[in-house]
Amino acid sequence: DKWKLGLSPRSRSHMLSALRTSARKAPALARLGVRNFGHDPAHAAAETDKWKKISYVAIPCVVGYTCFVMATMKHGHHEEVAYQYIGIRNKPLPWTNRGGSKCDLFDYKCAAKEKAAAAAE
């Protein structure tokens, strides 16, 4: 009774019939081992060969272009402009040290300098 799954007898018989049919066909489908997607095997082989040839040409081209770009690219370093409005602190930040802090949350260099100054005092 626990295997009935709340199905009517007719639905159960249809489900069991479908399972038996698929179980009978499964070994034959497994023997094929290849899904044809509605094409004949000759067409599939031709498409595979075509994409292999395209890959043999495209992959070296991409690698060569990548090497060219990396060799000729100039890594520019820019100076940050100290605008007046960037460092405004109107209220104490929740992560600051006691007595206030002028450092941003992930500015570890500034935090280390503040800790060293506080330890020196």
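The values are calculated or read from the model by the stated rules, or taken from the named source; none is laboratory data. Bear in mind that the values here come from a model prediction, so they are computed numbers and not experimental data. Side chains included, ligands, DNA and RNA excluded: accessible areas come from the protein's heavy atoms. Shrake-Rupley method; radii C 1.70, N 1.55, O 1.52, S 1.80 Å.
Residues satisfying the criterion are present in the stretch 102-113 (criterion: open to solvent by 90 Å² or more (accessible area, probe 1.4 Å), modelled with pLDDT under 85 and either in a loop (DSSP other than H, G, I, E, B) or among the aliphatic types (A, V, I, L, M) (or both)).
For the stretch 85-101, how many residues meet the condition of being modelled with pLDDT under 70, open to solvent by less than 50 Å² (accessible area, probe 1.4 Å) and at negative phi?
Taking the stretch 85-101 as the starting set, the residues that turn out to be modelled with pLDDT under 70 are 92-100.
Filter once more, keeping what is open to solvent by less than 50 Å² (accessible area, probe 1.4 Å): 93, 96, 100.
Filter once more, keeping what is at negative phi: 93, 96.
The qualifying residues number 2.
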